[in-house]
Amino acid sequence: MAEKQAPIVNLRPGGGPGRGPGHGPPGMMPGEKPKNLKATLGRILSYIGKNRRLIIAMLVVMLLATLLNIIAPTIQAQAIDSIARLDGNALIMWLVIMAIVYFSSAIFTYFQNLFAAMLSQYTVKVMRKDLFARISRLPIKYMDTHKHGDILSRMTNDVENVSNSVSQSLGSLISGVIMLVGCFVMMLIHSWLMTVVSMVTIVLTLVVTKFLSKFMRKYFPLQQAKLGQLNGQIEESVSGCKTVKAFTHEGKICEDFNRTSDELKNVGVKAQILGGSMGPCMNTIGNFGFLLIAVVGAFLASDQTSMFYISIGTIQAFITYSKQFTRPINEIANQYAQIQSALAGAERVFEVMDSQPEDEGGNEPFEIENVKGDINFMGIDFSYVKGEQVLKDFDLWVKSGQKIAIVGATGSGKTTIVNLLTRFYDIDGGAITLDGQDIRNVPVKKLRGSIGIVLQDTVIFSDTIAQNIRYGRINATDEEIVAAAKVARVDDFASKLSDGYNTMLTEGGSNLSQGQRQLISIARAVLADPKILILDEATSSIDTRTEMHIQEAMVSLMKGRTSLIIAHRLSTIRDADKIVVIKGGKVVEAGNHDDLLAKKGCYYDLYQSQFAGIAT
């Protein structure tokens with residue numbers, strides 16, 4: 001380490017690891033219609049109900065604001081009738097009362113909106129927390145079979161739709177119910193006949209709402225699904241931009257993007273047109289209702305001797321009550337598109353939450369400190385896709401402390417062995433034991449805690465170099481990080497950077513070379529100090545000179561540890577205790593380097609093909 005190396009500061013344990021690169025094949029999109037609308041709504045309400053104090057506070061101010069709005073038209077009627085009677089004192093009194101009522105209503109409405117916004121943010125915070133917790137517990141298989149962009153869309157767009165709906169629609173729904181009941185009672189008090197006339201518009205509103213909602217219901221879930229698909233394409237294009245440019249596929253990805261974007265546009269236009277038509281339809285029905293009230297009210301007010309006589313002020317009150325009575329229905333109708341979008345988004349969120357989490361393993365006694373590293377694969381059958389076996393009746397015994405190299409052609413199942421040992425995937429048949437214990441009966445956290453792994457696909461998080469190394473052991477000290485970095489030759493370049501180990505890395509470590517990223521990955525394994533070490537093409541992106549230094553470090557690192565080395569570069573595994581050759585999902589050869597060459601079998605052919613390639 002250079003003498004002027006800056007001290008490592010602000011190293012947050014576990015701080016800020018972002019999502020690593022990579023993206024799985026397309027996942028299944030949800031159907032056009034919600035599978036269970038009532039269940040989805042019930043689960044949303046259960047999240048809303050977790051903050052009872054805030055709900056009670058919102059309901060209190062909402063009730064007060066609504067009651068004030070209900071009595072306001074009656075006060076207006078009294079003021080208008082005072083003008084008709086030329087009673088100035090009464091007019092002033094009613095005007096003062098009216099001002100107090102409207103001012104108080106505005107204050108209560110402000111707090112209603114404030115509490116609704118707080119409730120919305122609290123609800124989605126808990127929902128987002130639960131969703132992320134479930135995503136973090138999903139098995140690797142789920143991530144490999146679902147587009148990452150679609151998963152991100154559920155975390156962001158779909159949850160945000162729920163937030164907007166709770167903030168804007170929940171208050172309208174509750175206050176609307178109170179307003180409907182209150183206005184209906186007040187209208188009955190003033191005139192039951194005019195109340196019957198006002199109900200005509202309500203019937204029309206319900207009929208039109210039911211008719212339009214029938215066509216709207218199928219488009220909003222489909223719109224959310226297309227949005228998730230579009231996000232998936234964007235995520236893949238951005239993370240794979242170098243590959244896209246290297247193969248000059250800019251036109252192809254633009255074509256695919258535009259196709260999906262057009263599909264989203266077409267679905268979105270239909271959804272928004274139908275959703276937007278609710279408001280104008282409700283306004284038209286409302287205006288018809290005002291006209292009906294004005295005509296019938298004028299007729300009743302013209303005959304003071306009639307038993308149905310009403311004053312001019314009462315007509316004004318009925319017009320206002322009719323408006324207030326239909327306003328909640330209109331608001332819900334105008335927000336119907338948003339509510340449908342929120343329900344569709346919530347259903348997509350709950351689909352992830354309901355996905356089967358990773359099996360946490362059994363509860364058999366298992367202590368990492370006591371692991372010896374005796375691994376036995378017995379009659380393993382495994383396939384990623386049903387009917388296409390990768391491993392067939394696979395047997396392998398790795399003795400404690402042995403250094404085993406696994407070689408074979410691409411697709412022979414080398415990396416699959418790592419996936420099964422770490423329980424990223426579970427076997428279809430057979431058994432894998434560690435020190436005689438079936439790994440399915442061992443807690444997964446303890447199993448993986450005893451294994452250090454350097455994968456071929458290096459993952460670098462958006463954090464400092466030090467934090468990326470510390471990912472190997474969260475409670476490691478600064479000195480231990482530097483020591484691990486020196487072993488892995490990370491110190492050779494980290495100490496020369498202006499911020500040293502505190503240098504921030506971009507997502508995927510794009511401001512480092514591929515070789516430097518792999519060195520950081522190796523440093524993690526060094527820091528973890530595992531009982532079992534797995535190197536999956538650990539030096540595949542490192543130049544030959546650096547590789548020689550790494551090999552020296554690895555020799556000391558692997559002493560006393562069970563080590564599995566998966567390698568294409570056969571020159572790096574000559575000193576392995578045993579080399580296992582896999583072909584067609586089975587072990588076809590096993591032995592040391594010299595013995596296998598002497599047999600002139602599969603290993604000999606692999607070695608000669610590489611040597612010939614180098615010679616050429």
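The values are calculated or read from the model by the stated rules, or taken from the named source; none is laboratory data. Just so we're clear, the structure is a prediction, and the values are computed from it rather than from any experiment. FYI the Cβ positions are ideal-geometry reconstructions off the backbone, even for glycines, and counts take in every protein chain you see. Just so you know, the surface numbers come from the protein's heavy atoms only, side chains and all, with ligands and any DNA or RNA stripped out. Shrake-Rupley method; radii C 1.70, N 1.55, O 1.52, S 1.80 Å.
Axis of helix 171-190 versus longest Cα principal axis of the chain: the two differ by about 10°, to the nearest ten degrees.
Close amide-amide hydrogen proximity is noted between Thr562 and Gly401, Leu533, each under 5 Å apart and 5 or more residues distant or on a separate chain (H modeled in the peptide plane; Pro and chain starts excluded).
Ordered by 1.4 Å accessible area with all protein chains kept, His593, His568 run largest first as His568, His593. Our analysis of region 407-505 gives Rg over Rh at 1.08, with the two radii drawn from alpha carbon positions and Rh computed by the Kirkwood formula.
Reducing region 159-195 and region 320-367 to their Cα centroids gives an inter-centroid distance of 22 Å. Given in Å, the Rg to one decimal and the Dmax to the nearest whole number for the Cα atoms of region 51-199 are 23.5, 81.
Using the alpha carbons alone, the radius of gyration of region 287-406 stands to its Kirkwood radius in an Rg to Rh ratio of 1.63. On full extension, the segment bounded by Ala598 and Lys399 gains 69.2 nm, given 0.36 nm per residue less the C-alpha separation. Report note on the peptides 219-228, 410-419, 382-391: ranked by the mean count of other C-beta atoms within 10 Å, highest first, their order is 219-228, 410-419, 382-391. Taking label points 7 Å from Cα along the Cα-to-Cβ direction, Ile100 and Phe211 give a separation of 4.7 nm. Here the label points at Val196 and Ser136, each 7 Å from Cα along the C-beta direction, are separated by 6.5 nm in the simple model.
Calculated on C-alpha atoms, the gyration radius of region 159-238 divided by its Kirkwood radius gives an Rg/Rh of 1.23. Excluding ligands, DNA and RNA, the accessible surface per residue across region 66-111 is 58 Å² with a 1.4 Å probe. Highest mean first, the peptides 190-203, 512-525 sorted by other C-beta atoms within 10 Å per residue fall in the order 512-525, 190-203.
The per residue volume of the convex hull around the alpha-carbon atoms of region 498-537 is 85 Å³.
Axis of helix 336-353 versus longest Cα principal axis of the chain: the two differ by about 30°, to the nearest ten degrees. Ligands, DNA and RNA left out, the accessible area of region 130-242 computed with a 1.4 Å probe is 71% carbon and sulfur. Gain on full extension, evaluated as 0.36 nm per residue between Lys496 and Asn36 minus their Cα-Cα distance, stands at 159.7 nm. Rounded to the nearest 10 degrees, what's the angle between the helix 602-615 long axis and the longest principal axis of the chain, both from Cα atoms, 0 to 90? That works out to roughly 90 degrees.
Could you compute the net charge surrounding Tyr47? Neighbours are other residues with a C-beta less than 11 Å from the C-beta of Tyr47; K and R count +1, D and E count -1. Spelling it out: positives minus negatives among the neighbours equals +4. Protection proxy ranking, highest mean first, for peptides 63-70, 138-145, 460-467: 460-467, 63-70, 138-145, where packing is the per-residue count of other beta-carbon atoms within 10 Å, averaged.
The phi torsions of region 222-230, fed into the Karplus equation with coefficients 6.51, -1.76 and 1.60 and a -60° offset, translate into couplings of 5, 4, 5, 5, 5, 5, x, 5, 5 Hz, rounded to whole numbers, with Gly and Pro shown as x. Each residue of region 113-125 is assigned a 3J(HN,Hα), and the resulting list reads 5, 5, 5, 5, 5, 5, 5, 4, 5, 5, 4, 6, 5 Hz, derived from the Karplus form 6.51 cos²θ - 1.76 cosθ + 1.60 (θ = phi - 60°), x at Gly and Pro. Each listed q (0.10, 0.22 Å⁻¹) maps to a log10 I(q)/I(0) for region 187-304 from the Debye sum over equal C-alpha point scatterers, namely -0.55, -1.13. Here the Karplus curve 6.51 cos²θ - 1.76 cosθ + 1.60, taken at θ = phi - 60°, turns the phi angles of region 483-496 into couplings of 4, 5, 5, 5, 4, 8, 6, 6, 4, 4, 10, 5, 5, 8 Hz, with x standing for Gly and Pro.
Per residue, the solvent-accessible area of region 464-544 (1.4 Å probe, heavy atoms of protein chains only, all protein chains present) comes to 37 Å². Average projection, convex hull of the Cα set of region 86-158: 7.2 square nanometres. A Förster radius of 30 Å, combined with the Cβ-Cβ distance separating Lys125 from Ser261, puts the computed FRET efficiency at roughly 0.45. Give me the percent of the accessible area of region 348-395 that comes from carbon and sulfur atoms, probe 1.4 Å, all protein chains in place. That fraction is 44 percent.
Could you tell me the relative contact order of the chain? Use alpha-carbon pairs under 8 Å, at least six residues apart, and round to a whole percent. Here the relative contact order equals 18 percent. With N counted as the residues of the chain, its alpha-carbon radius of gyration over 2.2 N^0.38 Å works out to 1.38. Carbon and sulfur: what percent of region 287-326's accessible surface (1.4 Å probe)? In region 287-326, the share of accessible area belonging to carbon and sulfur is 68 percent.
So, for region 233-306, what is the accessible surface per residue at a probe of 1.4 Å, expressed in square angstrom?
Solvent-accessible surface per residue comes out at 62 Å².
A straight chain from Thr284 to His568 at 0.36 nm per residue would run longer than the Cα-Cα distance by 94.9 nm.
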